[in-house]
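I have placed the structure first, in the form of structure tokens, so that the comments after it can refer back to it.
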Amino acid sequence: MTAPESEPAIKSSHPPGTRDEEALTLLRDGRLEVAGRLVEATNMTLYCSVKLASRTAACVYKPVRGERPLWDFPDGTLAAREVAAFEVSQATGWRIVPPTVLREGPFGPGMVQLWIDTEREIDLMRLVKSRNPVVRRMAVFDAVVNNADRKGGHLLPLPTGHVYGVDHGVCFSAEDKLRTVLWQWRGKPLAREAVAVLAKLERDIESGSLGRRLRELLTLAEVEATWQRVRRLLDTGVHPYPSEGWPAIPWPPI
């Protein structure tokens, strides 16, 4: 992500290896101050600093009141969907979504997510088209959360090789809405690792802590549909194909 030009980038205090619990405590309990706005974002997206004791980090704050109405998602639910995506990401162990919380901010309740400084020399189009196993994990994750808007610009590559994904407000619809630029594995057998992760997700959504947390953030129908998507991936054993009744690729793709 690129910080607003009018403000100096506040270095993230969450380099690879830092405990997510520390970042979550900082995001949840720290003092939030707005530094600028990301004007290219569809919804109100504010670049902020968050400080708790001696720790400071950059973060993104998306207040619920700044969400534009959508025809296919209930009003005022995008922030909770972003947090639900983080919860699924944590349950997979893949750390696809940066630490994300729901909290009060200067403009009311909203989603607050740790800012990630990216490797700017990486060609995003090449990364999108690659067979990178980290990106392949993201394709599986998107199929689980039913991501309706996986653009190339939502991939945040790090110098370490890790790749984060952001902007998950339009996920978890009970209807099939998967729209992504990551179709290169369609119909291919799932990696053995992915099958093991999906089996764990199935149990955790059905009767574990993940299911309980998702029911706090989503409707019961959306949680059930998430479980059904996981079950379908396990039953077929392959990456999904594009839906015939929904555009396969978001526009613009980057």
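Here is how the numbers come out for the structure above:
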read-out: Residues within region 52-69 that are open to solvent by 10 Å² or more (accessible area, probe 1.4 Å) and either out of contact with any helix residue (DSSP H, G or I) (no Cβ under 8 Å at 6 or more places or on another chain) or of a type in the set (Ser, Thr, Tyr) (or both), tallied; value: 7
read-out: Region 110-121: number of residues that are loosely packed, with under 15 Cβ neighbours inside 10 Å and more than 10 Å from LEU156 (Cα to Cα); value: 1
read-out: Which numbered condition PHE107 fails, given (1) among the aromatic types (Phe, Trp, Tyr); (2) within 14 Å of the chain's Cα centre (by Cα); (3) surrounded by fewer than 20 Cβ atoms within 10 Å (Cβ to Cβ); value: (2)
read-out: In region 103-133, the residues that are of a type in the set (A, V, I, L, M, F, W, C), in contact (Cβ under 8 Å) with a residue 60 or more places away in the chain and assigned to a strand (DSSP E or B); value: VAL112, LEU114
read-out: LEU182 vs. criteria among the aliphatic types (A, V, I, L, M) and under 21 Å from LEU78 (Cβ atoms); value: no
read-out: Number of the condition not met by ARG232 [criteria: (1) under 18 Å from PHE141 (Cα atoms); (2) modelled with pLDDT under 95; (3) open to solvent by 80 Å² or more (accessible area, probe 1.4 Å)]; value: (2)
read-out: Test: residue in region 191-211 that is assigned to a loop (DSSP other than H, G, I, E, B), under 25 Å from LEU127 (Cα atoms) and not aromatic (Phe, Trp, Tyr); value: yes
read-out: So HIS154, is it in contact with a strand residue (DSSP E or B) (Cβ under 6 Å, 6 or more places away or on another chain) and open to solvent by 10 Å² or more (accessible area, probe 1.4 Å); value: yes
read-out: All positions within region 70-82 that are crowded, with 24+ Cβ neighbours inside 10 Å and either of a type in the set (Val, Ile, Thr) or in contact with an Asp or Glu (Cβ under 6 Å, 6 or more places away or on another chain) (or both); value: LEU78
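The values are calculated or read from the model by the stated rules, or taken from the named source; none is laboratory data. Bear in mind that the values here come from a model prediction, so they are computed numbers and not experimental data. Positions of Cβ are backbone-derived with ideal geometry, glycine not excepted, and every protein chain shown enters the neighbour counts. Just so you know, the surface numbers come from the protein's heavy atoms only, side chains and all, with ligands and any DNA or RNA stripped out. Shrake-Rupley method; radii C 1.70, N 1.55, O 1.52, S 1.80 Å.
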